[in-house]
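See structure below.
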C-alpha cells in the first residue's frame, strides 16, 4: 500500500514519473480511469477552495466517487480517536485525502488505516501544492535542476515542502525571511545531507538576484497568531523592483489565496511574469497523477 504524505517518501525517479503523467493528463493524452469503481474520502479540518475543488473534480475525472467529509460532521470532531476513524473508514472507502490541522493526524491515519492516504495539507507540509508548482516550472522554464528558486517570507508548511523538493530535484533554493520564522533546522539538515543547495538570507534583494522563480505565500497562515508578523515580514514583500532583479524570464508563483498589498503587490501577481493561475490549474493535474500512481500499478 502506498501513501502520499511527503515528497521525501519518494525518490526523484518516482516523482518525475508523476510529473510526466501530470503533463500528459493536462494535454489529454491519458484516457485510463484508475479510480473506476473506487470511493475516495476527502476529510477537511481546514477550509479550502483549490484543494476541495481540484480533488473532487480530479477523482470524478479518474472515474471515482468523491465522498466529502468535513471534520465537524464526523465523530472525529466529537472525540473519536484518529485510529478508530481510520479503521472504520477503511471498511467503507478505497482511499482518503486529508487536509489536517496537525501532521500527526495524517501520519496516524496512514499507520492505523488500511487504505492509501494523501496529504492534502498539514501544518508541516503541502506536497500536493509543490508537485503542481514543479509541473508549472517545467512547463514555463524547463528542467528543474537548472532553476534558482527564491522563497520570500514565512518558513511555513509550503516552504518545508520546497526544501524537500530542492533536495530531491537539485535546484538552488534561497530562503529570504526573518531568522525567527525559518523552517525547522532538522529538515534543513536532512536536505543538506541529501546534497541540497539551500541558503538563508536576511535581505530580499540578495535572494532575488538572477533567480528564475520567485515564490511567496501569505504571511499569516490559518491558525497562526498575527503577533508582529506583518511588521517583521514587510521587507520581504515581492514587488516589481524585486522582480526586476531576477532573471529576465523569471516567473512569479503563489499557492493562493493571496493578499495583494501584503506579501505581494497587485502589479506583480497580476503582471505578465505571474503564473499563479497556471499553478492553480495544475493542482488538478498533479493530484490526478498522484492518485493514478498511488492507486494503479500500471503507472
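Only a single criterion out of (1) farther than 26 Å from residue 146 by Cα; (2) out of contact with any helix residue (DSSP H, G or I) (no Cβ under 8 Å at 6 or more places or on another chain) is not satisfied by residue 220, namely (2). Take the conditions (1) outside the structural domain of residue 59 (by TED's automatic domain parsing); (2) more than 27 Å from residue 231 (Cβ to Cβ); (3) under 19 Å from the mean Cα position of the chain (by Cα); residue 273 misses just one of them, which is (3). Residue-level check: of (1) surrounded by fewer than 23 Cβ atoms within 10 Å (Cβ to Cβ); (2) in contact with a strand residue (DSSP E or B) (Cβ under 7 Å, 6 or more places away or on another chain), residue 144 misses just (2). Is it fair to say residue 180 is surrounded by fewer than 17 Cβ atoms within 10 Å (Cβ to Cβ) and either in the same structural domain as residue 202 (by TED's automatic domain parsing) or without any contact (Cβ under 8 Å) to a residue 24 or more places away in the chain (or both)? Taking the combined requirement at face value, the residue satisfies it. Residues considered: 25, 18. Of these, the only one that is in contact with a helix residue (DSSP H, G or I) (Cβ under 9 Å, 6 or more places away or on another chain), over 19 Å from residue 106 (Cβ atoms) and either in contact (Cβ under 8 Å) with a residue 12 or more places away in the chain or assigned to a helix (DSSP H, G or I) (or both) is 25. Within region 18-37, if we keep just the residues that are within 25 Å of residue 114 (Cβ to Cβ) and either surrounded by fewer than 19 Cβ atoms within 10 Å (Cβ to Cβ) or not assigned by TED's automatic domain parsing to the domain that holds residue 97 (or both), the residue that is modelled with the lowest pLDDT turns out to be 32. With respect to residue 101, determine if the residue is in contact with a strand residue (DSSP E or B) (Cβ under 6 Å, 6 or more places away or on another chain) and either within 19 Å of residue 159 (Cα to Cα) or touching a residue at least 24 places away in the same chain (Cβ under 8 Å) (or both). The answer is no for residue 101.
Out of 68, 97, one residue alone is crowded, with 21+ Cβ neighbours inside 10 Å, in the same structural domain as residue 289 (by TED's automatic domain parsing) and in contact with a helix residue (DSSP H, G or I) (Cβ under 8 Å, 6 or more places away or on another chain). It is 97. Name the single residue, out of those in region 28-39 being assigned to a loop (DSSP other than H, G, I, E, B) and touching a helix residue (DSSP H, G or I) at 6+ places or on another chain (Cβ under 8 Å), that is farthest from residue 299 (Cα to Cα). For region 28-39, the residue satisfying everything is 38. Restricting region 110-129 to residues that are under 16 Å from residue 82 (Cα atoms) and touching a residue at least 40 places away in the same chain (Cβ under 8 Å) leaves a set whose member that is surrounded by the fewest Cβ atoms within 10 Å (Cβ to Cβ) is 114.
Just give me the residues in region 49-65 being in contact with a strand residue (DSSP E or B) (Cβ under 8 Å, 6 or more places away or on another chain), buried (at least 17 other Cβ atoms within 10 Å of the Cβ) and either not assigned by TED's automatic domain parsing to the domain that holds residue 290 or not in a helix (DSSP H, G or I) (or both), in sequence order. Hit for region 49-65 is 64, nothing else.
If you go through region 157-174 and keep only what is surrounded by 24 or more Cβ atoms within 10 Å (Cβ to Cβ) and under 16 Å from residue 263 (Cβ atoms), you end up with 158, 159, 162. Do the conditions hold for residue 42, that is, is it within 21 Å of the chain's Cα centre (by Cα), over 29 Å from residue 88 (Cβ atoms) and either in contact (Cβ under 8 Å) with a residue 40 or more places away in the chain or assigned by TED's automatic domain parsing to the domain that holds residue 118 (or both)? So residue 42 fails the test.
The values are calculated or read from the model by the stated rules, or taken from the named source; none is laboratory data. Note that this is a predicted model, so its numbers are computed, not measured. Note: ideal-geometry Cβ built from the backbone for every residue, glycine included; neighbour counts use all protein chains shown.
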